[in-house]
Amino acid sequence: MAEYGPKIAEIYALRERLGDQVFRTPVLQCPAIEEKTGGKTTVFAKLEFLQRTGTFKARGALATLHGLSAEERMRGVTAVSAGNHAIAVAFAAATVGTTAKVVMTRSANPFRVAACAAYGAEVVLADDVHLAFALAEEIRDKEGRYFIHPFEGPSIALGTGTMGVEICEQIPEFDAIVIPVGGGGLIGGIANAVRQMRPDAEIIGVEPVGADSMHRSFASGTPQGIEKVATIADSLGAPFALPYSFELTRQNVDRLVTVDDDQLKKCMGFLFRSMKIAVEPACVATTAALLGPLRESMRGRRAVLVMCGSNIDWQTFVQQAVFEDVA
């Protein structure tokens, strides 16, 4: 255990250092979801969409910035993102007193672009995600800004590991935890922490069908990419896996499942009707998995669902959500 990723003591030290820069987001038992499983599964949700900036991304961004030298922080930071990571980096930079220049795709939701600007970041637009990465690297090289990767590296795993610690403290007993998968920074960090604190818990990842780079990586045994992201869950639309987050995930995650856009849309509508929350597609991936491919294997068990983000405007929400029965 913990041969590869951050140790629990390191994660606790970071959590203490961050203080109120991040919230200890609540955990809620979810009778409405339990009912949809036939009443056979006990369901808890980690409401990380209530985190500062609306997603878990603030944890990794702040962890990275706190790990930089004073000189590195002074030069500023850059990042690439469909939105949530860019917002988090903008927030984190403002929090520690530096500047951020973030690269987003032209297809990014204007709501998210505006959120970055509101935190004081300079926003640069790129035609697609591959060009966005290239542009961020160019900014790093020319301007000397530190490139905060959206999902790769020890500092990201350290930051997301703080959520794993919180979950284990907030829910003393659980049998399985279900975590969304984008590039692997979220699941890698949480899984690393949970494996150390709850070694017997099953750890399950959920990817959208149209962004299954981690599935492909598990199948090949090495990090793999995809040619095109094809899912409404753009927050989980990483175009490739990378060595550190892949290995951390491979060592600690028991299995992966996929959900399609129709399942995501129905769960957006279901959570709005039943729990009165309007969240982005990525946030409902774990609910979709529990009510879909995991329904039978979770019967009689205590499951934790990580609900990761809420950065969606109302117009987009009503366009994507489907108000039909999920089962």
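Bear in mind that the values in this text are calculations on the coordinates, not laboratory data. All values reported here derive from a predicted model rather than from experimental measurement. Every residue, glycine among them, receives a Cβ derived from its backbone with ideal geometry; neighbour counts consider all protein chains shown.
For the reader, a short list of remarks on this structure follows.
- The Cβ shell under 14 Å around Leu68 holds other residues with a net charge of +3, Lys and Arg each +1, Asp and Glu each -1.
- Length gained when the stretch Asp254-Asp175 is fully extended (0.36 nm per residue, less Cα-Cα span): 27.2 nm
- From its DSSP helices (H runs of at least four residues, each -39,500 (n - 2.57)), the chain gives a residue-normalised ellipticity at 222 nm of -13500 deg cm²/dmol.
- Trypsin sites (Lys or Arg not before Pro) lying in DSSP loop within the stretch 103-204, provided at most 16 other Cβ fall within 10 Å: Arg106
- The Lys228 and Ser297 beta-carbon pair, evaluated with R₀ = 25 Å, returns a calculated FRET efficiency of approximately 0.20.
- Viscosity 1.567 mPa s, 4 °C: Kirkwood-radius Stokes-Einstein D of the chain over Cα pairs, µm²/s: 67 µm²/s
- Mean separation of Cα contacts under 8 Å (6+ apart) over length of the chain, as relative contact order %: 20 percent
- Set against the 2.2 N^0.38 Å expectation for a compact globular protein, the stretch 241-280 has a Cα radius of gyration ratio of 1.69.
- As a length-normalised measure over Cα pairs under 8 Å and 6 or more apart, the relative contact order of the stretch 57-147 settles at 31 percent.
- For the stretch 1-98, trypsin sites (Lys or Arg not before Pro) meeting the loop criterion (DSSP other than H, G, I, E, B) and having at most 14 other Cβ atoms within 10 Å: Arg24, Lys40.
- Exposure proxy ranking, count of Cβ atoms within 10 Å, fewest first, for Cys30, Cys168: Cys168, Cys30
- Efficiency of FRET from Cβ geometry, Gln319 and Glu35, R₀ 25 Å, rounded to 0.05: 0.35
- Exposed loop sites, defined as GluC sites (Glu not before Pro) outside DSSP H, G, I, E and B with at most 13 other Cβ atoms within 10 Å, are absent from the longest region of the chain, namely 4-172.
- Three-way shape call for the stretch 199-327 based on the alpha-carbon gyration tensor, with the a/c threshold at 1.5: oblate
- The string of couplings for the stretch 94-108 from the Karplus curve (6.51, -1.76, 1.60, θ = phi - 60°) is 5, 5, 9, x, 10, 10, 10, 10, 10, 10, 10, 7, 4, 7, 4 Hz, one whole number per residue in order, with x for Gly and Pro.
- Antiparallel DSSP beta bridges within the chain, as percent of all bridges there, nearest 5: 15 percent
- Alpha carbon centroid spacing (whole Å) that separates the stretch 180-195 from the stretch 206-259: 11 Å
- Cross-link pairs Lys7/Lys57; Lys40/Lys265; Lys57/Lys101; Lys7/Lys265 - those with Cα-Cα distance over 26 Å: Lys7/Lys265
- The stretch 57-147 shape via C-alpha gyration tensor axes, a/c threshold 1.5: oblate
- Alpha carbon centroid spacing (whole Å) that separates the stretch 268-317 from the stretch 14-92: 17 Å
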